[in-house]
Amino acid sequence: MVVSATWGARCGKSARRVLRGGTSTRRYAGSVRALARKSQLQRGSAKATAPRLVPTSHTIPHHELLQSVARRVTDRHVLHLVKMWLTVPVEERDADGRRRMSGGKRSTRGTPQGGVISPLLANIYMHRFLRAWRQRHKGQEYRARLISYADDFVIVSRGQAAAALAWTRGVMTRIGLTLNDAKTTLRDARTESFDFLGYTFGPECYRQDGHWYLAAKPSKKSVQRVKAGVRAVLRPGNQARWPEVAADLNRRLRGWATYFAYGTRVAAYRAIDHYVADAVQHFLRRRHKVPTRGTRRFGPQQVFGELGVLRADIAGGAVDCVSLT
């Protein structure tokens, strides 16, 4: 139903595989890792555009989507089930906490937010754009490489990124999707950075000898997100026994560090370790009513030692600074 180069919401097509370049799908030249392997970014001037769509869960036209599904699925019962899924009512809450209903039989666009089949349907519909890019040889025309994951994608081009973005905007309009102008960016990939799949790609200075290289590192939003997860575990109202708290904390840290165990992550890992040590110290000092700051009883050595909290480098693997050349 979708080309082998389509990543996201498919077995063996995880975001991490996109970043590493995959193994069994070596023919897919559009991995992010290829951006740093003697690709456009390593040869002279290069531009990167990171188009962002208005959430496809709000905009995918049902009629065209069902046509895409029907190209491979001939069972009318399955097609009817998908159609019913698209028009299921969804109860949501706005920013003020008020309930509101979306979807329903009158709905002609979008997929149920949070529906288990919604990512797959978005993937199927995005295949229209990917197929047009491939069949019309836009990669050669714009001297560009397109890397996609579900409905998130980046185009890297040698001097033709603006033209590639304009073509992309036109195609998206024709298939009923809309680019989010506030989040769509155009960058000089040799001197500026851009975010994709939780990573920041851009120039980085190697501290030991001062040379610059193209780096992939956890984005600021990704670091803030894991910190928010740590705060959620170590909230004041958490009355669970410490082994349970530590296990919950380690699950979050291990998941985050495992995903970001690629590229340049030393600074991010150290920032997370420092934050976790301070947060655990404050949590236990408050729980045990320690009158001092608790640095001796609950210092970093104790937190990452007898208290059983994992350091980011241990949770995600060995730490190194990878020069993507």
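Label positions at Glu306 and His58, each projected 7 Å from the Cα along the C-beta direction, are separated by 5.3 nm. Label sites at Asn250 and Thr191, each approximated as a point 7 angstrom past Cα along Cα to Cβ, lie 4.8 nm apart.
Sorted by packing (mean other beta-carbon atoms within 10 Å per residue), highest first, where do 105-114, 72-81 land? It would help to have the intermediate numbers written out before the result.
On the way: 105-114: 15.0, 72-81: 10.7.
My ranking of the peptides, most packed first, is 105-114, 72-81.
Computed packing ranks the peptides 259-265, 187-193 as 259-265, 187-193, most packed first, by mean other Cβ atoms within 10 Å.
Packing, as the average of other Cβ atoms within 10 Å across residues, places the peptides 142-152, 213-223, 231-241 in the order 142-152, 213-223, 231-241, highest first.
Per residue, the convex hull around the alpha carbon atoms of segment 80-135 comes to 104 Å³.
Holding the Cα-Cα limit at 24 Å, pick out from Lys47/Lys217; Lys47/Lys227; Lys138/Lys217; Lys105/Lys183; Lys83/Lys183 the pairs that are longer than that.
Values: Lys47/Lys217 19 Å; Lys47/Lys227 32 Å; Lys138/Lys217 29 Å; Lys105/Lys183 31 Å; Lys83/Lys183 31 Å.
In this structure, Lys47/Lys227; Lys138/Lys217; Lys105/Lys183; Lys83/Lys183 exceed 24 Å between Cα atoms.
Extension gain for the segment Ala182 to Lys105, taken as residue separation times 0.36 nm less the Cα-Cα distance, is 24.6 nm to one decimal. Remark: spin-label model distance His137-Ala162 equals 2.5 nm, labels positioned 7 Å along the Cα→Cβ axis. For the set Phe196, Phe304, the ranking by accessible area, highest first and with no ligand, DNA or RNA atoms included, is Phe304, Phe196 under a 1.4 Å probe.
The values are calculated or read from the model by the stated rules, or taken from the named source; none is laboratory data. From a predicted model like this one, the values you see are computed outputs, not experimental measurements. Heads up, the Cβs are rebuilt from the backbone with ideal geometry, glycines too, and the neighbour counts pull from every protein chain shown. These area figures cover heavy atoms from the full protein model, side chains too; ligands, DNA and RNA do not enter into them. Shrake-Rupley method; radii C 1.70, N 1.55, O 1.52, S 1.80 Å.
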